[in-house]
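The structure appears below as structure tokens.
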Amino acid sequence: MKNKSALLLQVKNLKTYFYLDEGVLKAVDDVSFKIQKKMVLGVVGESGCGKSVTAQSILRIVPDPGKIVEGEIFLHQDGKVTDLVKLDPYGKEIRAIRGKEITMIFQEPMTSLSPVHTIGDQIMEAILLHRNMNKNEAKELTLEMLYKVGIPNPYQRINEYPHQLSGGLRQRAMIAMALSCNPSLLIADEPTTALDVTVQAQILELMKELQAEFGMSIMFITHNLGVIAEVSDEVMVMYLGKAVEYASVDEIFHNPLHPYTVRLLRSIPKVGKKARTRLDAIKGTVPLPLDLPPGCSFYPRCPEAKKGLCNKEDPSLVEVKKGHWVSCFLYK
Amino acid sequence: MEKDKKPLLEVKSLKKYFPVEKGFWRKVVGYVRAVDKVNLYVNEGETLGLVGESGCGKTTLGRCILRAIEPTEGNILFRLNDKVIDITKLDKESLRRMRRHAQMIFQDPYSSLDPRMTVLDIVGEPLVVNNIAKGEEMEERVKDLVKIVGLNVKHLKRYPHAFSGGQRQRIGIARALAPNPKFIVADEPVSALDVSVQAQILNLLQDLQAEFKLTYLFISHDLSVIEHISDRVAVMYVGKIVEMAETEELFLNPKHPYTEALLSAIPIPDPRLRRERIVLSGEVANPANPPSGCYFHPRCKYAKDICAKEEPEWREVNPGHFVACHFAEELKLQGVPA
């Protein structure tokens, strides 16, 4: 990339493995990507492809028995570069970053908010921890944030518990908490998956508005291709712990190269296309990423697989066109 | 598509009110109007898509139609061998006999199958219960069914936990098909599945429909799936059907403001088609304490005085296009980009 100053986060050859009794589960296997300032990186893939573990690795909150075994995660802040992998996951430095520089919102706001604390207390906790403010200032800011995320009647809501809010309002409260410390990167892990379409539309609009206002970068994780098309600047498609394709959103949807991306796009019903025809489904299911055989992980399901090549060697991610990366032997 | 235009199922002002009880004496203090004066019909051999947001009563409606939940009021007319029977009037025994013609597929393939039954037991049970087949004959029939839905016959002795989500959904479908039904209520059958598996199940459902001349009531919150699979679509909001029309007509030419908002909220998988959308303000109305007049009026940008006062009439504005809105004839609403 030519504009070096705009780089915010660079992940290089990240490998996060889970050491289970059954074997080694390679949740994230040699993944590299960059997030520029004020950009939205969409990460798309089916369940078990490692998109959430990638996010957890960045925040260093990979649950046991998972471990980052290799790789670097560089966070660029004010000319300073920190390798997050080298930090102690319980140490002071990562705590100053987690919840302040990098924040996260989750899929199910009911389970990720504390049920025994009020919304206001939970948001204030983050502010008091990371910003130099006293209680009154923190409360003022909390009210302002609740107002900004469009929660009606913030003076009343600040004293309410999560169970008193609807799903959409809870997600708004979570966004308020994540943005209260002015982060440079917001990781959104399936933030609209549990919501109804009209509420999803509200939340997506809200996130766009807030991004324009706060200027943070977003790593947007979802399995919904429609949502990805709507919010992303760049897209990374993941399959079984690997990035199979990585390009601008327009390239991914209008010039997809990897057989998995091509098939995934063909397999979804599209509104307005009318044709009551059969969908072009991908055969088989995603295997468990446990003790995988060598070769391309999509080999068993790929219609264009070449025996003797694709099941022997692992294709690496190569740039086939400026800014368009793909890992497939078809493009060597 | 050559289709029989006779309705197989007709639902007439169906109501399901759940009582809200309070205090030690469980005094009834109100009702949740889960299904509120619903009218609809499903023609033989077609798929009626039922779409709505969570809590709108679509599952309750689907279950009331099969009387898995007792409806409070109304009629459900089902045509069987050219005789029309009212499901709401059947006694226990005739209902049991009738059920083999109307089956259900559930959303969650993880909790809807008994973990202690093998595939053979699960798929064979409806055959035994309905006295269709038993013993070896039953086993043969189960083998056929399992093949039809695309599972391996060798796996008959396995338990549900040994299968993936998509495979489990196939087991659920095989069970529903077992008594050779005419009508299937499919309640969010693909919502819990991954994108690539979702396509496989949708294809399977369409193939089965063609092969066995099935009629579906397909319940989903996903508008793209609904558009893909349905011949006609009914849109539900707070216990009421607000619009019903042929799929293409409803998506291109909606007549109810709620349908318009729903369509505009669908994220389209094409970055070149990012569009201005109608973002609904406020929240879905509470079915225990619904607003006056039209239930949608507090969120409707076209609402006028009459909307808060009078409930709009359910009427046919164009042939086959039903809608409940005071201004259905006047409003120019936007559908999805064609």
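Scanning the stretch B:314-338 for residues that are within 22 Å of residue A:202 (Cβ to Cβ) and either within 14 Å of chain A (Cβ to nearest Cβ) or touching a Phe, Trp or Tyr at 6+ places or on another chain (Cβ under 8 Å) (or both) yields B:334, B:335, B:336, B:337. The residues on offer are B:197, B:190, and the sole one that is out of contact with any Lys or Arg (no Cβ under 7 Å at 6 or more places or on another chain), assigned to a loop (DSSP other than H, G, I, E, B), within 11 Å of chain A (Cβ to nearest Cβ) and closer than 17 Å to residue A:278 by Cβ is B:190. One residue stands out among those in the stretch A:225-235 that are of a type outside the set (A, V, I, L, M) and in contact (Cβ under 8 Å) with a residue 60 or more places away in the chain: the one that is surrounded by the most Cβ atoms within 10 Å (Cβ to Cβ), which is A:232. Here residue B:168 passes the criteria (1) within 14 Å of chain A (Cβ to nearest Cβ); (2) of a type outside the set (A, V, I, L, M, F, W, C); (3) at positive phi except the one numbered (3).
Put simply, of B:239, B:293, B:282 the only residue that is modelled with pLDDT under 90 and on the phi > 0 side of the Ramachandran plot is B:282. Checking the stretch A:32-54 against the condition returns no match, with no residue being in contact with a Ser or Thr (Cβ under 7 Å, 6 or more places away or on another chain), farther than 30 Å from residue A:199 by Cα and not hydrophobic (A, V, I, L, M, F, W, C). What's the total number of residues in the stretch A:186-200 that are in contact with a strand residue (DSSP E or B) (Cβ under 8 Å, 6 or more places away or on another chain) and crowded, with 22+ Cβ neighbours inside 10 Å? Residues meeting the conditions: 5.
One line per residue, one yes/no per condition, for (1) of a type in the set (Lys, Arg); (2) touching a residue at least 40 places away in the same chain (Cβ under 8 Å); (3) at positive phi:
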position: B:177; (1), (2), (3): no, yes, no
position: B:182; (1), (2), (3): yes, yes, no
position: B:186; (1), (2), (3): no, yes, no
position: B:189; (1), (2), (3): no, yes, no
position: B:192; (1), (2), (3): no, yes, no
position: B:201; (1), (2), (3): no, no, no
position: B:204; (1), (2), (3): no, yes, no
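Quick one: which of A:41, A:14, A:8 is in contact with a His (Cβ under 9 Å, 6 or more places away or on another chain) and surrounded by 17 or more Cβ atoms within 10 Å (Cβ to Cβ)? Answer to the check: A:8.
Considering only residues that are more than 17 Å from the chain's Cα centre (by Cα) and surrounded by fewer than 18 Cβ atoms within 10 Å (Cβ to Cβ), which ones fall in the stretch A:201-214?
Keep residues of the stretch A:201-214 that are more than 17 Å from the chain's Cα centre (by Cα), which gives A:201-202, A:205-206, A:209-210, A:212-214.
Answer for the stretch A:201-214, where residues must be more than 17 Å from the chain's Cα centre (by Cα) and surrounded by fewer than 18 Cβ atoms within 10 Å (Cβ to Cβ): A:205, A:209, A:212, A:213, A:214.
Do the conditions hold for residue A:82, that is, is it closer than 20 Å to residue A:179 by Cβ, among the β-branched types (Val, Ile, Thr) and in contact (Cβ under 8 Å) with a residue 12 or more places away in the chain? Against the criterion (closer than 20 Å to residue A:179 by Cβ, among the β-branched types (Val, Ile, Thr) and in contact (Cβ under 8 Å) with a residue 12 or more places away in the chain), residue A:82 does not qualify.
Determine which member of the set B:53, B:44, B:10 is surrounded by 13 or more Cβ atoms within 10 Å (Cβ to Cβ) and within 14 Å of another protein chain (Cβ to nearest Cβ). Spell out the reasoning first.
On the way: B:44 fails: within 14 Å of another protein chain (Cβ to nearest Cβ); B:10 fails: within 14 Å of another protein chain (Cβ to nearest Cβ).
Among B:53, B:44, B:10, only B:53 is surrounded by 13 or more Cβ atoms within 10 Å (Cβ to Cβ) and within 14 Å of another protein chain (Cβ to nearest Cβ).
Close contacts from the stretch A:189-203, counting a first residue that is facing another protein chain (nearest Cβ under 9 Å) and part of a loop (DSSP other than H, G, I, E, B) and a second that is of a type in the set (S, T, N, Q) and surrounded by fewer than 21 Cβ atoms within 10 Å (Cβ to Cβ), with Cβ to Cβ under 7 Å and a gap of 6+ residues or different chains, come to A:196/B:54.
Evaluate the following for residue A:252: is it over 30 Å from residue A:24 (Cα atoms), among the β-branched types (Val, Ile, Thr) and touching a strand residue (DSSP E or B) at 6+ places or on another chain (Cβ under 6 Å)? Step through it out loud before you land on a result.
Details: over 30 Å from residue A:24 (Cα atoms): yes; among the β-branched types (Val, Ile, Thr): yes; touching a strand residue (DSSP E or B) at 6+ places or on another chain (Cβ under 6 Å): yes.
The answer is yes for residue A:252.
Say whether the condition of being β-branched (Val, Ile, Thr), under 30 Å from residue B:300 (Cα atoms) and part of a helix (DSSP H, G or I) is met by at least one residue in the stretch B:152-175. No, the stretch B:152-175 contains no residue that is β-branched (Val, Ile, Thr), under 30 Å from residue B:300 (Cα atoms) and part of a helix (DSSP H, G or I).
I'd like to check something: does the stretch A:55-70 contain any residue that is more than 30 Å from residue A:155 (Cβ to Cβ), of a type in the set (Gly, Ala, Ser), part of a helix (DSSP H, G or I) and modelled with pLDDT of 90 or more? Lay out the reasoning, then the answer.
Here is the first cut: in the stretch A:55-70, the ones more than 30 Å from residue A:155 (Cβ to Cβ) are A:55-70.
Now drop any that are not of a type in the set (Gly, Ala, Ser), which leaves A:55, A:57, A:66.
Okay, now just the ones that are also part of a helix (DSSP H, G or I), so A:55, A:57.
Now restrict to residues that are modelled with pLDDT of 90 or more: A:55, A:57.
Checked the stretch A:55-70: at least one residue is more than 30 Å from residue A:155 (Cβ to Cβ), of a type in the set (Gly, Ala, Ser), part of a helix (DSSP H, G or I) and modelled with pLDDT of 90 or more.
Condition (residue is surrounded by 21 or more Cβ atoms within 10 Å (Cβ to Cβ), within 20 Å of the chain's Cα centre (by Cα) and within 30 Å of residue A:225 (Cβ to Cβ)) applied to the stretch A:137-150: is it met by at least one residue? No, because not a single residue in the stretch A:137-150 is surrounded by 21 or more Cβ atoms within 10 Å (Cβ to Cβ), within 20 Å of the chain's Cα centre (by Cα) and within 30 Å of residue A:225 (Cβ to Cβ). Just one of the listed residues (A:139, A:100) is outside any strand (DSSP E or B), of a type in the set (D, E, K, R) and touching a residue at least 60 places away in the same chain (Cβ under 8 Å), and it is A:100.
With respect to residue B:311, determine if the residue is away from chain A (no Cβ under 14 Å), part of a loop (DSSP other than H, G, I, E, B) and either touching a Ser or Thr at 6+ places or on another chain (Cβ under 6 Å) or at pLDDT 90 or above (or both). Outline the logic, then answer.
Numbers: away from chain A (no Cβ under 14 Å): yes; part of a loop (DSSP other than H, G, I, E, B): yes; either touching a Ser or Thr at 6+ places or on another chain (Cβ under 6 Å) or at pLDDT 90 or above (or both): yes.
For residue B:311, the condition - away from chain A (no Cβ under 14 Å), part of a loop (DSSP other than H, G, I, E, B) and either touching a Ser or Thr at 6+ places or on another chain (Cβ under 6 Å) or at pLDDT 90 or above (or both) - is met.
Mind listing just one residue for me: the one in the stretch B:13-22 that is without any contact (Cβ under 8 Å) to a residue 60 or more places away in the chain and out of contact with any Asp or Glu (no Cβ under 9 Å at 6 or more places or on another chain) and, of those, farthest from the other protein chains (Cβ to nearest Cβ)? Once the filter is applied, the top-ranked residue is B:19. The C-beta contact set for the stretch B:146-158 (first residue farther than 20 Å from residue B:204 by Cα, second residue part of a loop (DSSP other than H, G, I, E, B), distance under 7 angstrom, 6+ apart or interchain) comprises B:157/B:118; B:158/B:118.
State whether one or more residues within the stretch B:96-119 are touching a His at 6+ places or on another chain (Cβ under 8 Å), surrounded by 16 or more Cβ atoms within 10 Å (Cβ to Cβ) and farther than 26 Å from residue B:40 by Cβ. Steps first, please.
Kept after step one, since they are touching a His at 6+ places or on another chain (Cβ under 8 Å), are these residues of the stretch B:96-119: B:115, B:119.
Narrowing the set further to residues that are surrounded by 16 or more Cβ atoms within 10 Å (Cβ to Cβ) leaves B:119.
In the following step, the residues that additionally are farther than 26 Å from residue B:40 by Cβ were identified as B:119.
The answer is yes, given that some residue of the stretch B:96-119 is touching a His at 6+ places or on another chain (Cβ under 8 Å), surrounded by 16 or more Cβ atoms within 10 Å (Cβ to Cβ) and farther than 26 Å from residue B:40 by Cβ.
Listed here are the helices (runs of 4 or more DSSP H) enclosed by the stretch A:221-302 that have at least 2 residues being more than 17 Å from the chain's Cα centre (by Cα) and facing another protein chain (nearest Cβ under 7 Å): A:249-254, A:259-267.
Return a yes/no flag: does the stretch A:108-125 have any residue that is touching a Ser or Thr at 6+ places or on another chain (Cβ under 9 Å) and closer than 26 Å to residue A:10 by Cβ. There is no residue in the stretch A:108-125 that is touching a Ser or Thr at 6+ places or on another chain (Cβ under 9 Å) and closer than 26 Å to residue A:10 by Cβ. Within the stretch A:45-83, restricting attention to residues that are surrounded by fewer than 16 Cβ atoms within 10 Å (Cβ to Cβ) and small (Gly, Ala, Ser), the residue that is farthest from residue A:6 (Cα to Cα) is A:47.
The set of residues in the stretch A:84-126 being surrounded by fewer than 16 Cβ atoms within 10 Å (Cβ to Cβ) and among the aromatic types (Phe, Trp, Tyr) consists of A:90 alone. Contact map, the stretch A:18-36: residues that are in a strand (DSSP E or B) paired with residues that are loosely packed, with under 14 Cβ neighbours inside 10 Å and of a type in the set (A, V, I, L, M, F, W, C), Cβ distance under 8 Å, separation 6+ or inter-chain. Pairs shown: A:20/A:290; A:23/A:290; A:24/A:290; A:25/A:288; A:25/A:290; A:34/A:1; A:36/A:1.
The values are calculated or read from the model by the stated rules, or taken from the named source; none is laboratory data. All values derive from a computational prediction rather than experimental measurement. Every residue, glycine as well, gets a Cβ built from its backbone with ideal geometry; the counts of neighbours run over all protein chains shown.
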